[in-house]
Structures are given as structure tokens and as C-alpha cells.
Amino acid sequence: MMREEVVEIGCNMHARRYFIKALEAGDQRAAIPIDAFKTLYDVEATVHDAAPDVRLAERQRRSKPVYDELLAWCQSYKPQEAQQSKLGAALRYLTSHHLPLTSYLDDGRLPIHLPGGRSGG
């Protein structure tokens, strides 16, 4: 029996919620990653019914640059942000889980978030 490769996937809706909590706590900087997640979910809405190879191509073309910029933004703010702040928690979560969170960008069969998550906006 052939065993398929196991891929760890992350839930981007969960990552997004950390930034929403930071914004709700009054940190306006959190609006930047929230906007990035909106763009990522907008792409997903347009490719939802596409074949996996088409979904992958669109994710690589449209979503990967957005996610790369989001990750760079988080890495630039993380060193000076207090760990106990809401934004600090969001930055730590995204940067420490970026590999499973971005696994969907490399496989058109994978979802952007885990089942049961709501689409972002």
C-alpha cells in the first residue's frame, strides 16, 4: 500500500483573528495585516471552484506576493513589539507558524483555513 505525503496545514482564519483582537484593542497597525488577509481571501473566493492546478497558479501569482509581504511586515515589527501585547501575540503566531499557514500556496488541493473556519473579509 502506498502512503501519501502528510502535509501540515495551518488555519489562516485563526491567524487573522489574532490581528482582529489587536485592532479591537486599539492598535491601528493591525489593520495592515487584516487588509492583507482580506486580499488573500478575495483570491480564494475567485478560485474556489477552479481545478487544483488553476487554483495553484492563481495563488502563486496573486496570493504568494501578498503573503510574502505580510510575513516581512510581521518580521519587521516583531522584534520591537512587547510579547504581552495583542499585536505581539499576532506577530508571534504568524511568524512561528508561517510554514503550515502558507502550505496552501504550494498545493491547489489545500484550503486556506481549516474546515469550520469562516471566510475572511
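The values are calculated or read from the model by the stated rules, or taken from the named source; none is laboratory data. It should be emphasised that the depicted structure is a prediction, and the values quoted were computed from it without experimental measurement. Note that we place each Cβ from the backbone using ideal geometry, even for glycine, and neighbour counts take in every protein chain shown. Surface accessibility is based on the protein's heavy atoms, side chains included, excluding ligands, DNA and RNA. Shrake-Rupley method; radii C 1.70, N 1.55, O 1.52, S 1.80 Å.
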Q.
Per residue, how large is the accessible surface of the chain? Use a 1.4 angstrom probe and give square angstrom.
A. 60
Q.
Once you order the gyration tensor axes a ≥ b ≥ c over the Cα atoms, which shape class does region 19-71 get: rounded for a/c under 1.5, otherwise prolate or oblate by comparing a/b with b/c?
A. prolate
Q.
On the principal axes of its Cα set, how long, how wide and how thick is the chain? Give whole Å, largest value first.
A. 48, 32, 26
Q) What is the calculated FRET efficiency for residue 28 to residue 5, with r their C-beta to C-beta distance and R₀ = 35 Å, to the nearest 0.05? A) 0.25
(Q) Over 5 Å intervals from 0, what percent of Cα-Cα pairs in region 42-106 sits in each interval? (A) 3, 17, 23, 19, 14, 11, 8, 4, 1
Q: Only helical DSSP H runs with n ≥ 4 go in: add -39500 (n - 2.57) per run for the chain, normalise by residue count and round the 222 nm mean residue ellipticity to 500 deg cm²/dmol.
A: -17000 deg cm²/dmol
Q) Of all trypsin sites (Lys or Arg not before Pro) in region 51-116, which ones are in loop regions per DSSP and have a Cβ with at most 16 other Cβ atoms within 10 Å? A) 109
Q. Which distance in nm do the two modelled labels at residue 69 and residue 82 give, with both placed 7 Å along the Cα-to-Cβ direction?
A. 3.0
Q. Which percent of the accessible heavy-atom area of the chain goes to carbon and sulfur, probe 1.4 angstrom?
A. 54
